[in-house]
1. Under the rule of at least 5 residues apart or a separate chain, name every residue whose amide H is placed under 5 Å from the amide H of Y113.
2. What figure in square angstrom, to the nearest 10, would you give for the accessible area of V416 with a 1.4 Å probe?
3. Ordering L39, L115 by accessible area with a probe of 1.4 Å, largest first, what comes out?
4. Using 1/(1 + (r/R0)^6) with R0 = 35 angstrom and r between the beta carbons of R190 and Q77, what's the FRET efficiency to the nearest 0.05?
5. On full extension of the chain, what length is gained from L12 through I288, given 0.36 nm per residue of separation minus the C-alpha to C-alpha distance?
6. Can you send over the solvent-accessible area of M215, 1.4 Å probe, protein chains only, in Å² to the nearest 10?
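The values are calculated or read from the model by the stated rules, or taken from the named source; none is laboratory data. If you're wondering where the values come from, they're calculated on a predicted model, not measured in any experiment. Positions of Cβ are backbone-derived with ideal geometry, glycine not excepted, and every protein chain shown enters the neighbour counts. Calculation scope for accessible area: heavy atoms of the full protein, side chains included, ligands and nucleic acids excluded. Shrake-Rupley method; radii C 1.70, N 1.55, O 1.52, S 1.80 Å.
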Amino acid sequence: MDAQDIQWYEDLFDAVNQFIGILDGHGKVMKVNRAAMQLTGLPQGEMIGTPLWNLPWRAFRKGNKREIKQAVEQAIQGNFVTFEMDLLPSDHTTRTIHFRMTPILDDQKEVKYILIAGQDISVYKKTSEALVQSNERFATIFNQAGIGIVIKSPEGKIIDCNPAFLSMLGYTLEEIKGKDYLEITYPPDRPLNRRMFNELQEGKRNNYILEKRYMSKNGRTVWVSVTASLVRGMDRKAQFTIVMAENITAQKQIEAELVELRSRLMHGREMERLKLAQDLHDGPLQEIIGITFQLKELEGLLDDASAQEQLTSTQGALQQVSRSLRAICSDLRPSTLMPFGLEKAILSHSEGFQETHPEVKVDLDLHEDKQALNEQVRIALFRIYQEALNNVLRHSKADRVVIHFWFNEDYAFLEVHDNGKGFKPPEHWIELARKGHLGLVGSIERAREVGGQLEVTSEVGKGTTIRAVVPMKKMEVYST
């Protein structure tokens, strides 16, 4: 927790408009909020470390010291205590405060600390209805909260949890109390959760936020967003951990469905590209080739030089159309990509690119992959490579492009660097999409679709580097 978070916590603690204090297991004051200081007329420095009943509370009426001590002694014995006190703050207006002392026990049933809360009930005391309202409102802090709340010991044992958490996982309090938090954590999530919890206890962090999965009583996995904070005593030793757990299972299911939808859309686009390439190859391209052969047969039948020249010109035009269609088919679905791998596909495509655009020098550093990458990864990296070259032509005005492709046991890497004019990458890539520049955004999505990521580094006047890192095997989407 950084300084800003600490200040936020202090502000929140002080913003509660009622007496809030924390006592240790012996009844000594550990901390109070601003409302407590205003009601008692005492600064916090005069309270901390002193037994509650020994404070110089001039604001209390005579006889209250003995009553306070009896209440604290009852709480130290593990009893829930309520009592009312009449205070005389600095404005000399009598206020009746309803106090509640709640002992918090460890897994050995010993009192670790006492939570004391006082609510001004002066206005409501005249009627029993107002008093009931006050009690019910206070009770909702823990028992009626809509979010799951868990209190864990420094060893990770569940000390207490609220009804919302029990309902989330289907346990009763008797069934879950005393369990180690890892017992109800989904096994693949345990190592990270254990590391972060241990760092919290060791003082390496003051809190953590984590998305994880719990296992419910009936075996169903429940996704939660967890916020865990450590509470320390006066000796700075860990007292307990408070965990807020919000059920995000529905959100995770929607996210998984969106990932699956994007994957299916990408696959559908590739199938459409393949079909279009096949249709062009088997239809117009073959027809043009047939016409070319027919024209070839006319060469010896024409005596007129002008007609012969026209025939030769027509044959050249048809050959150019044929080459263009072959190039389009290659872009739509490189014939070398599936049988020979990404390296051969990039090599073949770059040769055609270099021939068509001699003004751009292309340098290649490619590792031979053959069948090492699966189909989805090969297609994703090839499309990212294609889009990078398209951006070079449309935007960068570069005259040199360097393409690296390599891989290890776990990941494949593709890097395209140009020496063009560069640009300032936006803070959020959606800004490019809103302006109609969908190329890079599409490449980012392609990398994510196969479980990888795309990094774009650019600076005005210093060129652009696009680096894709993807797992060697396409990652499966987890479904809750």
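1. For Y113, whose amide H was placed from the backbone, the distant partners under 5 Å are I104.
2. 10
3. Ranking L39, L115 by accessible area, largest first, yields L115, L39.
4. Taking R0 as 35 Å, the efficiency between R190 and Q77 is 0.40.
5. Values: separation 276, 0.36 × 276 = 99.36 nm, distance 7.70 nm.
Gain in length upon complete extension: 91.7 nm.
6. 50
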